[in-house]
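S.K.: This structure is in structure tokens; I'll ask about it shortly.
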Amino acid sequence: MSDYQFVDGTRLVSVVEALIFASPGPVFWNKLSDIIRESEEELILDKLNIYRIVEQLNDRYEQNDLSFRIVEAGGGFTFVTQPRYYPWLSIYQHENAYRKLSQAAVETLAIVAYRQPITKPEVDSIRGVDSGYMLRQLLEKMLVQVSGRADTIGKPLLYKTTDTFLKHFGLNSVDELPKPREIDEILKDDDMAEHRRLLMERQMELEDEQAKELFQNAENETDETDS
């Protein structure tokens, strides 16, 4: 099936690749199938066909040591950059809104993610401070959304995470979040040192000199790894 060619010689695998690349967000397998079938009615692609095509594409990227892969996140397929390129991307995108998340905002986001759907009073109770401003920030960045009202006195709003949250953290669903008891073990793992460093960087603004220093450190770490 992945070797299928249209009448103009275009390969099916390349069409799937182009559709995923052009999509502004994760695209579902059945959406890919529907789009392709509009121009080729006899070509019916099921979920397994799409997964095999994506696997073939990723094998090609791996063989050519390309900087990106196709992953399943937010319920659909999307392109992501390989983790080893994050230090350079962090420098390039140091004005990215997610980097401007304060520690308080990250804390609030974690509470919503693990306790959703949750009301503001419940978040306030866990944090011990008013969380209205933090929740507004997360709403503006589309990391959380209002999901209804609680069936309690005052009918307070309920908050939950969004598909943007899933995509940003490379998750398919909130069920893939680390269990609370696993977090300490993950953070103590030496293999997570780079990830800890990147998370810390995302909580501060980098001045030009700091960015240059980060780039130099990342370059030195790469040289040490290669040696």
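The values are calculated or read from the model by the stated rules, or taken from the named source; none is laboratory data. From a predicted model like this one, the values you see are computed outputs, not experimental measurements. Every residue, glycine as well, gets a Cβ built from its backbone with ideal geometry; the counts of neighbours run over all protein chains shown.
S.K.: Conditions first: (1) exposed (fewer than 12 other Cβ atoms within 10 Å of the Cβ); (2) at pLDDT 90 or above; (3) not β-branched (Val, Ile, Thr). Glu42 passes all but one, so which condition is the exception?
M.R.: Going through (1) exposed (fewer than 12 other Cβ atoms within 10 Å of the Cβ); (2) at pLDDT 90 or above; (3) not β-branched (Val, Ile, Thr) one by one, Glu42 breaks only (2).
S.K.: With the checklist (1) modelled with pLDDT under 85; (2) closer than 17 Å to Thr161 by Cα; (3) touching a Leu at 6+ places or on another chain (Cβ under 8 Å) in hand, flag the one item Thr119 doesn't pass.
M.R.: Every condition holds for Thr119 apart from (1).
S.K.: State yes or no: is Gln137 of a type outside the set (D, E, K, R), at pLDDT below 90 and not in a loop (DSSP other than H, G, I, E, B)? Steps first, answer last, please.
M.R.: Details: of a type outside the set (D, E, K, R): yes; at pLDDT below 90: yes; not in a loop (DSSP other than H, G, I, E, B): yes.
Yes; evaluated as a whole, the condition is true for this residue.
S.K.: For residues that are among the aliphatic types (A, V, I, L, M) and surrounded by fewer than 17 Cβ atoms within 10 Å (Cβ to Cβ), scanning just region 45-70, find the one that is modelled with the lowest pLDDT. So that I can check it myself, show each step before the final result.
M.R.: First, the residues of region 45-70 that are among the aliphatic types (A, V, I, L, M): 45, 48, 50, 53-54, 57, 66, 70.
Going one step further and asking which of them are surrounded by fewer than 17 Cβ atoms within 10 Å (Cβ to Cβ), we end up with 48, 66.
Working: Leu48: 92, Leu66: 95.
This residue is Leu48.
S.K.: Further question on the same structure: Any chance you could count how many residues in region 144-159 are surrounded by 14 or more Cβ atoms within 10 Å (Cβ to Cβ) and without any contact (Cβ under 8 Å) to a residue 40 or more places away in the chain? Write out each step before concluding.
M.R.: Here is the first cut: in region 144-159, the residues surrounded by 14 or more Cβ atoms within 10 Å (Cβ to Cβ) are 144-145, 147, 150, 156-159.
Retained after the next criterion (residues that are without any contact (Cβ under 8 Å) to a residue 40 or more places away in the chain): 144-145, 147, 150, 156-157.
Final tally of qualifying residues: 6.
S.K.: While we're on this one: Taking the options Glu140, Glu72, name whichever one is among the acidic types (Asp, Glu) and within 15 Å of the chain's Cα centre (by Cα).
M.R.: Working: Glu140 fails: within 15 Å of the chain's Cα centre (by Cα).
Testing whether each residue is among the acidic types (Asp, Glu) and within 15 Å of the chain's Cα centre (by Cα) leaves just Glu72.
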